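Comments concern the structure below.
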Amino acid sequence: MDKYILNSSNDAIFGLSLSWEINYCNRAACELFGYMEGELIGKKYTKLFDNLHPSEFDNLLEALFSMNR
């Protein structure tokens, strides 16, 4: 994984381990979710959604899945 290319992307990009822990996040991902890289690395991916109301989380998932249809 070339981190320079991933960091230059305007899209939020995460890398996850097999145990669903964040092992990479680019600049855009940190900006989108309002965290510093060090706050996310090693944490479960669900940390990204800690500040969302359950209905906001449902709307986010619906929007993400509708992109692939």
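Miscellaneous remarks
- Residue match in the range 18-37 (condition: surrounded by 11 or more Cβ atoms within 10 Å (Cβ to Cβ), assigned to a loop (DSSP other than H, G, I, E, B) and modelled with pLDDT of 85 or more): yes
- Filter result (at pLDDT 90 or above and not in a loop (DSSP other than H, G, I, E, B)) within the range 1-15: PHE14, GLY15
- Complete set of residues in the range 40-69 that are under 21 Å from LYS3 (Cα atoms), within 12 Å of the chain's Cα centre (by Cα) and at pLDDT 85 or above: LEU40, ILE41, LYS43, LYS44, TYR45
- Note on the range 4-17: residues that are out of contact with any helix residue (DSSP H, G or I) (no Cβ under 8 Å at 6 or more places or on another chain) and surrounded by 11 or more Cβ atoms within 10 Å (Cβ to Cβ) amount to 4.
The values are calculated or read from the model by the stated rules, or taken from the named source; none is laboratory data. These figures come from a predicted structure and were not determined experimentally. Positions of Cβ are generated from backbone atoms using ideal geometry, with glycine treated the same way; all protein chains shown enter the neighbour counts.
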